[in-house]
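Asks: Structure below; questions to follow.
The values are calculated or read from the model by the stated rules, or taken from the named source; none is laboratory data. This one's a predicted model, so the numbers in the text were calculated from it and none came from an experiment. Cβ placement follows ideal geometry from the backbone for every residue including glycine, while neighbour counts extend to all protein chains displayed. To get the accessible areas, we keep the full protein, side chains included, count just its heavy atoms, and leave off ligands, DNA and RNA. Shrake-Rupley method; radii C 1.70, N 1.55, O 1.52, S 1.80 Å.
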Amino acid sequence: MNDIDVSSQIQQMVKFIRLEAEDKANEIFISTEEEFDIEKLQLVETEKKKIRQEFERKKRQVEIRKKIEYSMQLNSSRIKVLQAQDDVISSMKEAASKELLNVSHHHHFSLHHHHEYRSLLKDLIVQSLLRLKEPSVLLRCRKHDLHLVEHVLDSAAQEYADKANVDPPEIIIDNQVYLPPGPNHHNVHDPYCSGGVVLASRDGKIVCENTLDARLDVVFRKKLPEIRKHLFGQVIA
């Protein structure tokens, strides 16, 4: 084989190697492009997923905030309604308290009303004695009512004795400490008593508060659901 043939073969081999290298390089490029596209797609999908998750998280936060704000506003509205209802009921009770003064304020009574309040005092004393069931009791009243209480004391003791089938009890009027006078619009925060009596056992361990104000409190507590239903209908939960 002469030099020309050798040279031709070498060139063909070089050309073959170059073509093979180019093909291999092209395959690597194509493979790299495909891997890049796949990786890019995966990264894009991962980021999309993160964005969707973040969006859902923020959406839930907004919904929770809305629910909290709605609940707070609803509770605030309920409190305002309940406060308004309580104000109405308080006004009713205050009006009732003022009416109690018409029962016991006997300076301006007719003779008929005077006898009615005196009879009421007697009934309150008898009721208190029946609750206490003590042979000796201490009685407190308003200084304003003292002469009325003294007037009915014996008959009240005898009525209790007849009802309880016992001897008439000893009833000692406390001449040192009196119940407060009626409410004064000049001193609205001072203690007051609209009438009635307070009886206690001699040792002070048992007390029966039978003032008109105490009885009004009992009636209001007992009738409060009925009052609310009558005034406001369905009670707010």
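Asks: Quick one: net charge around residue 97, please, counting Lys, Arg +1 and Asp, Glu -1 for every other residue with C-beta under 13 Å from its C-beta.
Replies: Spelling it out: positives minus negatives among the neighbours equals -1.
Asks: Something else now. Can you give me the solvent accessible area of residue 147 with a 1.4 Å probe, rounded to the nearest 10 Å²?
Replies: 100 Å²
Asks: Can you figure out the FRET efficiency of residue 226 with residue 201, using R₀ = 35 Å and their beta-carbon distance, to the nearest 0.05?
Replies: My answer for the efficiency is 0.55.
Asks: Okay, moving on. Got a sec? Which residues in the range 15-29 would a label at residue 39 touch, if it sits 7 Å along Cα→Cβ and we count backbone N under 16 Å?
Replies: Residues passing the 16 Å test: 28-29.
Asks: So for the chain, averaging the separation of alpha carbon pairs under 8 Å that are six or more residues apart and normalising by length, what relative contact order in percent results?
Replies: Once normalised by length, the contact order is 17 percent.
Asks: Give me the net charge for the shell around residue 61: Cβ to Cβ below 13 angstrom, other residues only, Lys and Arg +1, Asp and Glu -1.
Replies: Summing Lys and Arg as +1 and Asp and Glu as -1 gives +3.
Asks: Could you put 201, 91 in order of accessible surface area, largest first, with the 1.4 Å probe and the full protein assembly present?
Replies: The residues order as 91, 201, largest area first.
Asks: Same structure again: Where does the charge balance sit around residue 129 when Lys and Arg score +1, Asp and Glu -1, over other residues with C-beta under 10 Å from its C-beta?
Replies: Neighbourhood net charge equals +1.
Asks: Follow-up question, since we're still on this one. Hey, which of these cross-link pairs are over 22 Å Cα-Cα: 133/205; 66/229; 98/222; 93/163; 98/133?
Replies: Check vs 22 Å cut-off fails for 66/229; 93/163; 98/133.
Asks: Can you compute 3J(HN,Hα) from phi for each residue in the range 221-233, using the Karplus curve 6.51 cos²θ - 1.76 cosθ + 1.60 with θ = phi - 60°, rounded to whole Hz and x for Gly and Pro?
Replies: 4, 5, 8, 4, x, 5, 5, 4, 5, 5, 7, 10, x
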